[in-house]
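Q: Before I ask anything, here is the structure I am working with.
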Amino acid sequence: MSVLYIMVPLAFVLAGGALIAFVRAAKQGQYDDLDTPALRAIEDDQ
Amino acid sequence: MTALASQFTHAPARDAECAPVCAHCRLPVPKALRPATDGPAFCCTGCEAAYSIIHSCGLDGFYAIQNRDSAQSRAVGASTHRFSEFDDPAFTRLYCTQAPDGTRRVELLLGGLHCAACVWLIERLPRIVPGVIKATLDFRRACVEISYIPDAVSLSEIARTLDSLGYPPHPARRAARRHIRQLEDRAMLVKLAVAGACAGNIMLLFIALYAGMFEGIDSGHEQLFRWAAMLLNTLCLAWPGMVFARSGWAALRARTINIDVPISLGLYLGGIWGILKTIAGHGDIYFDSISALIFFLLIGRYIQQRQSRFATDALELLFSMTPTSARRVRENGDLEDISTESLAIGDIVEVRPGDVVPADGTVLHGESRIDQSMLTGESLPVTASAGEKLAAGVLNISSVLRFRVDATGEATRIGRLLRTIENAAAQRARIVQLTDRWGAWLLYALLGLATATVLGWWHISPLLAIDRAAALLIATCPCGLGLATPLAMTAAIGGAARKGILIKGGDALERLAANSPRRTVILDKTGTLTLGRLTVLDWFGDESVRSLVRLVESKSLHPVAIALSSMPTPPSDAKISSLTEVPGMGIEACAALAEGRSCGVSIGTERFLQSRGIDIPHSFRQFCHSALQSGQSPVLIARDGICCAAAALGDPLRKDSADAIQRLQNSGWHVRILSGDHPEIVARTARALGLGSADARGGVNPEEKLAFVRDLSADRTVVMVGDGVNDAAALAAASVGIAVRGGAEASFQAADITLTHEGLSPILDLMGGSASTMRTIHWTIATSLFYNVIAATLSILGYISPLLAAIIMPASSLTVVLICLRARRFGARAEQTHLASEIEFGRARQQAVIS
């Protein structure tokens with residue numbers, strides 16, 4: 001089970017990556033308006 | 001305007017099946033406008049303009065989306081507004097921001113947004129107006145952010161295009177402040193994410209540790225998990241956890257106590273103690289409970305913050321009441337459109353019929369009727385002529401006026417009134433938040449318990465004593481308490497919104513349910529108890545002349561004319577050949593009838609008809625007299641010089657007013673009427689509603705209303721219900737202000753609660769709902785205290801373990817969440833009894849009919 005000594009830090013790195021992605025998305029304002037994009041989805045650009 | 005529009009949309013509905021529909025708004029097209037060939041037909045020039053813009057830009061997809069969407073009509077008012085004030089340097093300075101790449105950004109609030117197709121169309125603005133780079137719409141706020149190149153396109157052109165598409169734009173103020181709040185919201189969301197990630201990962205590590213407690217675990221692995229959890233927990237305490245530490249510290253420095261004091265004490269004592277034990281390599285650690293606490297409590301805070309955004313929205317009132325542009329008369333006599341901000345004292349301004357007066361001033365030329373109901377609550381318009389004062393915000397009705405500006409912006413009467421509204425809102429005694437009151441009590445109890453634990457165990461082992469105290473503080477952390485109020489309030493506000501009651505903040509519910517023995521409801525008359533617009537209440541004489549009267553009156557903007565032109569009657573196919581309006585008297589017209597004959601019609605007061613040499617029979621005089629007696633305005637109609645019909649106009653009571661007042665009184669409220677209208681009319685309304693004359697006051701101006709409410713709220717709960725700008729200050733000053741549907745924008749802003757359904761019955765639902773919500777909150781607090789007592793007992797006695805804490809804490813939070821869901825019903829019981837009484841009433845009526 002000594003693989004845990006690699007797996008636990010690796011899991012942290014993965015979780016950290018996901019967290020950084022979320023923080024970037026929030027800072028770009030992707031969570032500011034949660035209503036309009038749902039309406040925007042019907043767009044079909046010619 | 002609205003009356004005209006609704007008349008327009010309702011009138012041709014009868015022949016809707018056979019008539020072609022407008023290619024843009026899909027309302028039936030009037031006969032005269034039907035095209036001879038096959039092609040798109042339009043109901044008005046506004047729709048035609050909107051269609052041609054959309055069509056020429058190849059955006060016909062708009063109509064396809066619209067067809068898929070709920071079919072909603074979108075009549076476009078043919079506006080003639082030029083929006084040239086949008087190009088004023090003063091306007092640019094106020095509302096636009098310059099980007100470094102030479103483009104300019106502006107936020108515009110749009111009217112008339114209603115469906116997904118609007119989002120699609122507005123975000124195609126760069127294709128419609130060259131020079132616009134980007135348009136992003138926030139549907140919920142009805143706000144579009146536009147980037148454009150100022151050299152390629154003027155803002156007024158963009159505004160005109162939006163207007164002709166049916167979305168009249170207004171500039172959005174305080175964009176900078178909103179931006180700061182947006183950054184705050186984002187920061188909170190990030191903290192929530194960090195706390196959630198830490199809590200989840202620590203929980204995984206602790207599952208391994210707990211399993212190890214029963215099954216055995218390699219000590220190397222155990223140390224790995226403990227250190228990993230410690231690292232994550234330290235991150236959680238140092239970043240998201242600081243929210244509580246900062247707020248608790250601020251409270252201590254201000255020599256007060258809030259709920260964050262016991263919370264941060266538990267979190268940080270437990271955290272630091274845990275770090276020491278991890279380094280030591282043995283002993284109980286509570287990292288899982290600590291990080292989960294931070295996560296759960298932050299959820300509560302996040303909900304609260306989002307909720308209060310609505311409530312703390314600055315009173316942005318001037319925007320809705322005074323127009324953004326003014327028509328200034330230059331020295332050489334030319335007219336120019338400028339923004340209201342750049343008006344100066346001494347300027348001469350022209351206001352046309354239907355315009356709102358932009359500043360305080362003195363009339364120089366012209367005589368017109370003005371509607372002051374926004375400002376004073378008077379239901380009938382008054383006459384303004386040279387030398388008389390005009391106040392900003394009043395509506396000019398009948399003819400063109402020129403006036404000299406005496407005061408602008410904040411110095412106007414309405415500006416001063418708004419200042420008092422803002423002050424009243426700021427001064428309102430905020431009751432101490434329920435959780436803070438409990439938090440103070442808890443802090444003393446917890447600190448006492450913790451000290452007792454330390455003292456009690458000290459003689460056995462000082463290390464053990466600190467261990468127990470830390471466990472106590474973590475296990476009894478008032479997590480449920482922190483979640484209870486915001487969750488229950490959010491659930492209740494959501495439930496209320498589904499019933500058409502919009503509540504800005506939870507504290508309004510708390511004040512409404514406050515169990516004070518002296519409770520008063522103050523109701524405004526015009527627009528609250530009554531419909532707030534003149535309506536034909538009675539008709540006397542020839543019925544056949546009705547459609548002709550409607551046709552003639554549809555040409556005028558006078559309130560009497562609007563009332564007469566919205567009578568339910570078949571449309572007339574006569575044509576008006578000439579029309580004269582005599583201010584304050586009546587209207588005269590010559591109409592060509594379908595059979596080729598022409599006839600003259602005079603509609604007006606008794607004096608008007610007499611001045612035209614028309615003889616008024618005795619029965620008509622009597623009708624006028626009795627109408628005046630009962631507080632209504634009589635109008636006489638003569639055809640070809642013979643008086644043939646009469647109408648009585650009044651502002652009718654809402655159907656449910658009497659019933660709602662009765663039920664309010666039954667549930668222990670003292671009901672009073674406070675109105676700006678004439679005392680005689682107010683007294684008559686009170687009598688009709690079964691209220692004593694002592695409880696009704698008329699002729700009260702906005703400042704007096706405010707003073708009255710302030711005096712009353714000194715020793716009792718005062719609920720103010722109103723609709724106008726004249727009520728706004730009183731709405732803000734009352735314990736709870738309720739704005740009714742159809743009211744002025746300002747009243748919505750000043751009130752805590754807005755009703756979106758017609759009538760007063762929602763107030764009863766609201767009273768019931770607030771009481772049941774407070775009951776729910778008390779239940780959740782009791783439950784979470786119950787869990788805390790168990791946890792405290794266990795930890796003092798030394799029976800607590802990290803595992804037990806990890807079970808008790810989520811169990812307490814889960815129970816709280818489940819109880820809070822009850823608040824979603826928002827007084828459903830009250831509605832059921834209401835329904836039951838209606839069924840009862842229906843049965844009684846049936847019985848009566850049968851017998």
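The values are calculated or read from the model by the stated rules, or taken from the named source; none is laboratory data. Since the model is a prediction, treat every value here as computed from it, not as a measurement. Methodologically, a virtual Cβ is constructed for each residue, glycine included, from the backbone with ideal geometry; neighbour enumeration extends over all protein chains shown. Ligands, DNA and RNA are stripped out before the accessible areas are found, and what is left, the full protein with its side chains, is counted by its heavy atoms. Shrake-Rupley method; radii C 1.70, N 1.55, O 1.52, S 1.80 Å.
Q: Out of all the residues in the range B:520-535, which are surrounded by fewer than 20 Cβ atoms within 10 Å (Cβ to Cβ) and part of a strand (DSSP E or B)?
A: Passing the criteria: only B:535.
For (1) more than 30 Å from residue B:518 (Cβ to Cβ); (2) charged (D, E, K, R), each residue gets a yes or a no:
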| residue | (1), (2) |
| --- | --- |
| B:637 | yes, no |
| B:651 | yes, yes |
| B:670 | no, no |
| B:684 | no, yes |
| B:692 | no, no |
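Q: Among the listed residues B:574, B:589, identify the single one that is modelled with pLDDT under 85, in the same structural domain as residue B:546 (by TED's automatic domain parsing) and among the aliphatic types (A, V, I, L, M). Give the steps one after another, and end with the answer.
A: Working: B:589 fails: modelled with pLDDT under 85.
Residue meeting the stated conditions: B:574.
Q: Taking residue B:616, is it part of a loop (DSSP other than H, G, I, E, B), surrounded by 15 or more Cβ atoms within 10 Å (Cβ to Cβ) and out of contact with any Phe, Trp or Tyr (no Cβ under 6 Å at 6 or more places or on another chain)? Write out each step before concluding.
A: Numbers: part of a loop (DSSP other than H, G, I, E, B): yes; surrounded by 15 or more Cβ atoms within 10 Å (Cβ to Cβ): yes; out of contact with any Phe, Trp or Tyr (no Cβ under 6 Å at 6 or more places or on another chain): yes.
The answer is yes for residue B:616.
Every residue, every condition in (1) among the polar types (S, T, N, Q); (2) in a helix (DSSP H, G or I), yes or no:
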residue: B:660; (1), (2): no, yes
residue: B:665; (1), (2): yes, yes
residue: B:668; (1), (2): no, no
residue: B:676; (1), (2): no, no
residue: B:685; (1), (2): yes, yes
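Q: Is the range B:738-752 home to any residue that is open to solvent by 10 Å² or more (accessible area, probe 1.4 Å), at positive phi and either over 22 Å from the mean Cα position of the chain (by Cα) or not polar (S, T, N, Q) (or both)? Full working, then the answer.
A: From the range B:738-752, those open to solvent by 10 Å² or more (accessible area, probe 1.4 Å) are B:741-745, B:748-749, B:752; that's our starting set.
Okay, now just the ones that are also at positive phi, so B:742.
Narrowing further to those that are either over 22 Å from the mean Cα position of the chain (by Cα) or not polar (S, T, N, Q) (or both): B:742.
Scanning the range B:738-752, I find at least one residue that is open to solvent by 10 Å² or more (accessible area, probe 1.4 Å), at positive phi and either over 22 Å from the mean Cα position of the chain (by Cα) or not polar (S, T, N, Q) (or both), so the answer is yes.
Q: Quick one: residue A:18 ticks every box in (1) more than 9 Å from every other protein chain (Cβ to nearest Cβ); (2) modelled with pLDDT of 90 or more bar one, so which box is it?
A: (1) is the only condition that residue A:18 fails.
Q: Follow-up question, since we're still on this one. Given the residues B:468, B:430, which is the only one that is of a type outside the set (S, T, N, Q), within 30 Å of residue B:717 (Cα to Cα) and modelled with pLDDT under 85?
A: None of the others qualify; the one that does is B:430.
Q: From the residues in the range B:236-255 that are away from chain A (no Cβ under 14 Å) and more than 36 Å from the chain's Cα centre (by Cα), which one is surrounded by the fewest Cβ atoms within 10 Å (Cβ to Cβ)?
A: Applying the filter and picking the extreme gives B:255.
Here is a yes/no grid of residues against (1) touching a residue at least 40 places away in the same chain (Cβ under 8 Å); (2) within 14 Å of chain A (Cβ to nearest Cβ); (3) of a type outside the set (Ser, Thr, Tyr):
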site	(1), (2), (3)
B:117	yes, yes, yes
B:121	yes, yes, yes
B:128	yes, no, yes
B:131	no, no, yes
B:139	no, yes, yes
B:153	no, no, yes
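Q: Spot the failing condition for residue B:715; the list is (1) buried (at least 16 other Cβ atoms within 10 Å of the Cβ); (2) in a loop (DSSP other than H, G, I, E, B), and only one is missed.
A: Here residue B:715 meets the rest and fails (1).
Q: What number goes with the only condition from (1) open to solvent by 40 Å² or more (accessible area, probe 1.4 Å); (2) farther than 21 Å from residue B:397 by Cβ; (3) in contact with a Lys or Arg (Cβ under 7 Å, 6 or more places away or on another chain); (4) of a type outside the set (Gly, Ala, Ser) that residue B:573 does not pass?
A: Against the list (1) open to solvent by 40 Å² or more (accessible area, probe 1.4 Å); (2) farther than 21 Å from residue B:397 by Cβ; (3) in contact with a Lys or Arg (Cβ under 7 Å, 6 or more places away or on another chain); (4) of a type outside the set (Gly, Ala, Ser), residue B:573 comes up short only on (3).
Q: Then there's this: Test residue B:664 against the criterion of being farther than 30 Å from residue B:765 by Cβ, at pLDDT 85 or above and crowded, with 17+ Cβ neighbours inside 10 Å, and give yes or no.
A: Spelling it out, it is not the case that residue B:664 is farther than 30 Å from residue B:765 by Cβ, at pLDDT 85 or above and crowded, with 17+ Cβ neighbours inside 10 Å.
Q: Could you tell me which of the residues B:588, B:595 is acidic (Asp, Glu), farther than 29 Å from residue B:654 by Cβ and outside any loop (DSSP other than H, G, I, E, B)?
A: Numbers: B:595 fails: outside any loop (DSSP other than H, G, I, E, B).
Only one candidate qualifies: B:588.
Q: Cβ contacts < 6 Å: first residue within 12 Å of chain A (Cβ to nearest Cβ) and within 19 Å of residue B:286 (Cβ to Cβ), restricted to the range B:214-235; second residue in a helix (DSSP H, G or I) and among the hydroxyl-bearing types (Ser, Thr, Tyr), any location; separation 6+ or different chain. Result?
A: B:226/B:278
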